[in-house]
Amino acid sequence: MEVLKADSVTVKHGGQTILNQLSFSIQQGEQWAIVGPAGSGKTTLLKALTGRQHFTGHVTLHENNLTLTRKIVLVEQQHHFKNLSNTTNFYYQQRFNSQDAEDAITVEEDLQKTLTATKSSLQGLDELAELFNIKKLFTERLIQLSNGENKRLQIVKALLLQPAFLLLDNPFTGLDVKSRQKLEEVLDEIGKKGIHIILVTSATHLPFFITNVLFLSKDGSYITEPVNAVEWNDTHATKAKVSFDHELLRQLTLNNKHASFELAVKMKDVNIEYDHKILDNINWEVKNGERWSLSGPNGSGKSTLLSLVNADNPQAYANDIYLFDRKRGSGESIWDIKKKTGFVSPELHLYFEKGTNCFDVVASGLFDTIGLFRKINQQQSALVIRWMQLLKIESLQRKFLNQLSNSEQRLVLLARALVKNPPLLILDEPCQGLDEEQTLMFKEIINAICVAGNKTLIYVSHYADEIPACVTHFIKLENGKQVE
């Protein structure tokens, strides 16, 4: 029995056709995945199905499957919320400053607002909170949640709307292996209760409960098939090809005046505590030229550890920490540290003002600011363009960061991290949102930069296949402690 039918769905934007005459139908009991390379229109399709993206063509829902409260609900890849001052003007370091972090509402307050708006039952919330294991988070501030914790919260809020269709945009991005498996199991349970799931994900990581796949291509063509179709992956999965300008990379990384130090990082018996212990007795040294993998499950303390290295956490002054051979609190400024580091995090793009174009985002990396607040000279401008050329995003210079696809945003922020050719790169889940080809290209670029330019690297990823070959040192956290 057909429950949703899309007929000749076409989306055009800025003179470009994103989706072209797309037609498919979903039958009762089917759960769908949308896959394809970056820029093929996956997120655009989700927004079209919810009515948030203008399109031509028709999307039909069969009325006997819907009531006034049963609808199509989209959970986006990134979360958005207001603070207690009723603004969205959070700053990046706010989560690490306990006094300012209190301006964000708690998980329980956020859920109560959703309950009131949807007139859902408290019992329904209790059941979902139990299913998604978020009861223990009720007193946490939204700004302090980990990636995985936030994903679970957003899905619970969506389910309180009692949707007939739950649309998820890359719900597994940023999750560790165990968290991903748990989310798959929970979504399977949700599907068994009669909710149809349509999710955007990687072709190489299809959840076990998916029954059908819609593969989109950049040229507007598409294929729909059952997930158990013979040799589906071999036939349709992206064949990644790595190519970049090696000579341009060599020129961009030729000189680095800030690379004269013995130890990039030295931590001795470091402890960080808010209402509970975040980091527990960390001892760690990163020597000049070493490339480290930092791993651990969601909520294990990785982001807090990086905030100490990147001079974003004021608790560094209460600990025995050395950065670039200088003890924290011995007279160096935050900017002295930041000018030697290039940094990417999964949430960084959220802190740029809307309407900031990509050229300015990359250029802001020259000054370590979230936005460009000064004029740059001709030489600096040329440097920005050359880094964008290396990452094949020069065409995005005048586009707004908040209007880009997730993968395009990621590459722009990578260019921002690299633009001043820093001796230390801190890359927190840098491949989030990238397709297979982009991931391979980025790994090769980082590998070449580190080897040729003798860079020091701290690299965070939940997946071994995303770690560059140059990484030879490993540190793992669990519950804030170092583990073997």
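The values are calculated or read from the model by the stated rules, or taken from the named source; none is laboratory data. Quick caveat: nothing in here was measured; it's all calculated off a predicted structure. A quick note on method: Cβ atoms are made from the backbone with ideal geometry, for glycine too, and the neighbour counts reach across all protein chains shown. Heavy atoms of the whole protein, side chains included, go into the accessibility calculation; ligands, DNA and RNA do not. Shrake-Rupley method; radii C 1.70, N 1.55, O 1.52, S 1.80 Å.
Observations, loosely collected:
- Boolean, residue 15 is open to solvent by 20 Å² or more (accessible area, probe 1.4 Å), modelled with pLDDT of 85 or more and farther than 23 Å from residue 435 by Cβ: no
- Test: residue in the stretch 224-238 that is at pLDDT below 90, among the hydroxyl-bearing types (Ser, Thr, Tyr) and farther than 29 Å from residue 5 by Cβ: no
- The set of residues in the stretch 365-396 being buried (at least 16 other Cβ atoms within 10 Å of the Cβ) and assigned to a loop (DSSP other than H, G, I, E, B) consists of 365, 366, 367, 368, 370, 372, 376, 391, 393.
- Failed criterion for residue 423 (all others in (1) modelled with pLDDT of 90 or more; (2) of a type outside the set (D, E, K, R); (3) open to solvent by 10 Å² or more (accessible area, probe 1.4 Å) hold): (3)
- So residue 478, is it in the same structural domain as residue 289 (by the TED database) and open to solvent by 60 Å² or more (accessible area, probe 1.4 Å): yes
- Of all residues in the stretch 249-260, none that is touching a residue at least 60 places away in the same chain (Cβ under 8 Å) has its Cβ atom under 6 Å from the Cβ atom of a residue that is of a type in the set (Asp, Glu), 6 or more apart or on another chain.
- Residues considered: 248, 252, 308. Of these, the only one that is buried (at least 16 other Cβ atoms within 10 Å of the Cβ), farther than 26 Å from residue 480 by Cβ, of a type in the set (A, V, I, L, M) and modelled with pLDDT of 90 or more is 252.
- Top-ranked residue of the stretch 311-336 - restricted to ones that are touching a helix residue (DSSP H, G or I) at 6+ places or on another chain (Cβ under 8 Å) and touching a residue at least 40 places away in the same chain (Cβ under 8 Å), ranked as surrounded by the fewest Cβ atoms within 10 Å (Cβ to Cβ): 314
- Meets criteria (of a type outside the set (Lys, Arg) and either crowded, with 20+ Cβ neighbours inside 10 Å or in contact with a Cys (Cβ under 6 Å, 6 or more places away or on another chain) (or both)) for residue 138: no
- All of (1) assigned to a loop (DSSP other than H, G, I, E, B); (2) within 30 Å of residue 62 (Cβ to Cβ) hold for residue 173 with one exception: (2).
- Among the residues here, residue 460 does not qualify as β-branched (Val, Ile, Thr), open to solvent by less than 10 Å² (accessible area, probe 1.4 Å) and more than 24 Å from residue 291 (Cβ to Cβ).
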